[in-house]
Amino acid sequence: MDAQIKFYQTGTFTVGNRLLAEDQRTVQADMHRTNSLNSGHRACQGCGEALGARYAIDAAMRATNNQLIAVNATGCLEVFSTPYPETSWQIPWIHSLFGNAAAVASGVAAAQRALGHSHVRVIAQGGDGGTTDIGFGCLSGMFERNDDVLYICYDNEAYMNTGVQRSSATPPLARTATTPAVGPYPGNVFGTGKNVPRIAMAHGIPYVATASVSNLRDLERKVTHAMSIHGARYIHIFVPCPLGWGSASADTIKIARLAVETGLFPLFEAHHGEVTAHTQIRHQIPVTEYLKLQKRYAHLFGSPPDLERIALIQQMADHNIEKFDLLH
Amino acid sequence: MLKQTEGSHAVAEAVALCRPQVICAYPITPQTHIVEGLGEMVKAGELADCEFINVESEFAAMSVAIGSSAAGVRTYTATSSQGLLFMAEAVYNAAGLGLPIVMTIGNRAIGAPINIWNDHSDSMSMRDAGWIQLFAETNQEALDLHIQAFRLAEELSCPVMVCMDGFILTHAYERVDIPTQEQVDAFLPGYQPRQLLDPADPASFGALVGPEAFTEVRYLQHHKQLRAIGLIPQLAAAFSKEFGRNSGGLLRTYRTEDAETIVVALGSVNGTVQDVVDEMRERGVRIGSVSICSFRPFPLAALRAALEHAKRVVVLEKCLAVGLGGIVSDGVRKSLSGIALHGYTVIAGLGGRAITRTSLTRLFEDAGRDELEQVTFLDLNADVVSFELERESKTRRTGPTAEAILRRIGPVAASIG
């Protein structure tokens, strides 16, 4: 089937693989998928990170013909996947420290070069704390050297493993254990935070993308594309955390989709520092639809609701829509 | 081949002869010349199949080393002082994972106050990290210890630090005998990892370990070092056989047979100590010395055998356990459990202060009369200290201490000599 399939179904959560030729179906639809992050791990119900990691690593495994080594930062993904003596990982996997996943991956990649194993590829992965905060120095070094590593950040917008503390990826106004919803300015403050996909782009690395567990086909495609490129690559995946965000486990995908469709989490790709593609928002949704599903924003919806600051979040979404031209 | 060369360059040549496959480098004085030398060899193509990686910090240097070692290749790095502290978390991690990384420490003081000169505070701060620590007395020994270190590390799956005094050894030009590639290849077989990140045989490394197994994992780390107590002398003997000279081992004694006073020290200061021992022996003083090469594992039994017949032991330390005194002294005391003799801790050479024969002679004579304090600071300028203490007792806002002392002492040139 040569023609590009377009999906016009809206309001459904799945697009049937059965409509596609076998080679166009998702990795997860393949009975030979590797189950790299196998069942039985200890992630919470509705964990966005577990879902994102499963799709990302299986896609990378298929793209590399199963010649993959993964390095993991300390965090939820590490803890819930490897409660000794059990491990969910069906691939060679190493966890060293919280802040050094990118550098350890650089070392693994260097070893493959030294061994002449050009077919063995390397992924580093961590949460937003391990990526945008404590691991940021090593990440920037890996980018700057253009080491042959795909770094995947699973962004759930706070330190969830230690009990929901603020990270530099925590959005303004969100309640965390260290930005409590008390006082005259409850929640995380405005004017702070770090946009690591754009910082990654500033390094001029071959490929940067954002992805979401609401758009899993898109996520698989981006990981697959990333593995077709050599050099430093970065994918930032939006992964809701029911526990930390105070949302229903069943709403993980819905919330992730709303983050995209409000404009708060734009999906885009960049090559060598330039944005080359984005995912269009077909119907822009007001941010309140996204915010009100999460208890971390409950302080905005008291009586009366904090319309002034909800408007500030709407401005962030509008700014993204304008910047990335998301409506087109 | 005999060569007149800088200590750092001699080490770079030794490391190159060990055929490392990944070298990570971050500059810090005084180890910089070592990685510069290796970088040049890699760039020039003299060191084949080796990746040289310029990283952005020491923490990254050790982290890259963890990755490459876990992926099954021979890995080397070097650092000093603040650099070792900056990588501390990864230093412990490398040992916990059992990765046979070899790292040179160009020993240097730790700030504040910032100081680039030699003492042993840096590697001593990592004494419990699970690394083997070997201290070199000379440039030749520094060179030789690296060749032994890779074999030791790989036989035990345990990382090894080779510690050499910053500037005193790293920057000193001396004659060294650089072995041939054939000799090194005969002594050091190719790296056969015990554990490996391998797509053909997937395994998880670095899993969470709870109370049910943590003690056993730690004990086995300790057990490795206990095995090293036996292995280090064996390797030194094998090295001696292959290369025709003595280097390494747990410790070396010098004129201790009938000694009443024995001085214990680590590293290059042993040369000066031995000169003073010779001079005092000529005057009929029964004095000897022990140079500890293996600080971790600490050679309790060998040290006990060397010291047990003495009347007193003077531990000369280039480091300070603030609030306690000596660090090496603790181990020495443990080795002498149940034996009654006088033990003295002497803190000397901090931040590069010269340890002179004159000062050591006076010190050892005082020790011989048992007129030393338990903890003595060699050549401490008591006037400066009491002036500062008095100033602090009179004024609340005294400003920073180090700067006040420097102002009182005056320009460096006026105080050297």
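Results, tabulated for the structure shown:
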read-out	value
Residue among B:Gly72, B:Gly39, B:Gly45 that alone is more than 21 Å from the chain's Cα centre (by Cα), part of a helix (DSSP H, G or I) and either over 16 Å from B:Val102 (Cα atoms) or within 8 Å of another protein chain (Cβ to nearest Cβ) (or both)	B:Gly39
Residues located in the range A:169-211, provided they are touching a residue at least 60 places away in the same chain (Cβ under 8 Å), within 29 Å of A:Ala226 (Cβ to Cβ) and of a type in the set (D, E, K, R)	A:Lys194
Filter result (aromatic (Phe, Trp, Tyr) and either surrounded by fewer than 17 Cβ atoms within 10 Å (Cβ to Cβ) or modelled with pLDDT under 95 (or both)) within the range A:282-310	A:Phe301
Pair list, Cβ < 7 Å and 6+ apart or interchain, from the range A:276-304 residues that are in contact (Cβ under 8 Å) with a residue 24 or more places away in the chain to residues that are assigned to a helix (DSSP H, G or I) and basic (Lys, Arg)	A:Leu300/A:Arg309
Any pair with Cβ under 6 angstrom, 6 or more apart, that starts in the range B:155-181 at a residue that is farther than 23 Å from B:Leu226 by Cα and ends at one that is at pLDDT below 95	B:Ile178/B:Met1
Residue among A:Ala124, A:Ala158 that is in contact with a strand residue (DSSP E or B) (Cβ under 6 Å, 6 or more places away or on another chain), of a type outside the set (D, E, K, R) and under 20 Å from A:Ala256 (Cβ atoms)	A:Ala158
Within the range B:206-236, tally of residues that are under 29 Å from A:Thr74 (Cβ atoms) and β-branched (Val, Ile, Thr)	3
Test for B:Glu56: is it assigned to a loop (DSSP other than H, G, I, E, B), facing another protein chain (nearest Cβ under 8 Å) and not hydroxyl-bearing (Ser, Thr, Tyr)	yes
Index of the failed condition, B:Ile66 passing every other in (1) within 14 Å of chain A (Cβ to nearest Cβ); (2) outside any helix (DSSP H, G or I); (3) not polar (S, T, N, Q)	(2)
Test: residue in the range A:173-183 that is in contact with a Phe, Trp or Tyr (Cβ under 9 Å, 6 or more places away or on another chain), within 14 Å of chain B (Cβ to nearest Cβ) and modelled with pLDDT of 95 or more	no
Among (1) touching a Leu at 6+ places or on another chain (Cβ under 7 Å); (2) more than 7 Å from chain B (Cβ to nearest Cβ); (3) of a type in the set (S, T, N, Q), the one test that A:Asn72 misses	(1)
Subset of the range B:375-387 [surrounded by 16 or more Cβ atoms within 10 Å (Cβ to Cβ) and either β-branched (Val, Ile, Thr) or within 11 Å of B:Thr401 (Cα to Cα) (or both)]	B:Val375, B:Thr376
Considering residues of the range B:161-220 that are within 25 Å of B:Cys50 (Cβ to Cβ) and among the β-branched types (Val, Ile, Thr) only, the residue farthest from the other protein chains (Cβ to nearest Cβ)	B:Val176
Filter result (within 19 Å of B:Cys24 (Cα to Cα) and either assigned to a strand (DSSP E or B) or touching a Lys or Arg at 6+ places or on another chain (Cβ under 9 Å) (or both)) within the range A:115-135	A:Val122, A:Ala124
Qualifying residue in the range B:14-25 (condition: within 29 Å of B:Gly351 (Cα to Cα) and touching a residue at least 60 places away in the same chain (Cβ under 8 Å))	yes
Strands (runs of 3 or more DSSP E) wholly inside the range B:105-181 containing at least 1 residues that are assigned by TED's automatic domain parsing to the domain that holds B:Gly72 and of a type in the set (Asp, Glu)	B:160-165, B:173-177
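Residues checked against (1) under 28 Å from the mean Cα position of the chain (by Cα); (2) assigned to a helix (DSSP H, G or I); (3) touching a residue at least 12 places away in the same chain (Cβ under 8 Å):
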position: B:Tyr191; (1), (2), (3): yes, no, yes
position: B:Asp198; (1), (2), (3): no, no, yes
position: B:Pro211; (1), (2), (3): no, no, no
position: B:His223; (1), (2), (3): yes, yes, no
position: B:Lys241; (1), (2), (3): yes, yes, no
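Residues checked against (1) crowded, with 24+ Cβ neighbours inside 10 Å; (2) in contact with a Leu (Cβ under 9 Å, 6 or more places away or on another chain); (3) more than 10 Å from chain B (Cβ to nearest Cβ); (4) not aliphatic (A, V, I, L, M):
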| residue | (1), (2), (3), (4) |
| --- | --- |
| A:Pro92 | yes, yes, no, yes |
| A:Val104 | yes, yes, no, no |
| A:Ala114 | no, no, no, no |
| A:Val122 | yes, yes, no, no |
| A:Asp147 | yes, no, no, yes |
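The values are calculated or read from the model by the stated rules, or taken from the named source; none is laboratory data. Computed from a prediction, not measured in an experiment: that's the story for all the values here. Counting neighbours? That spans all protein chains shown, and the Cβs are built from the backbone with ideal geometry, glycine included.
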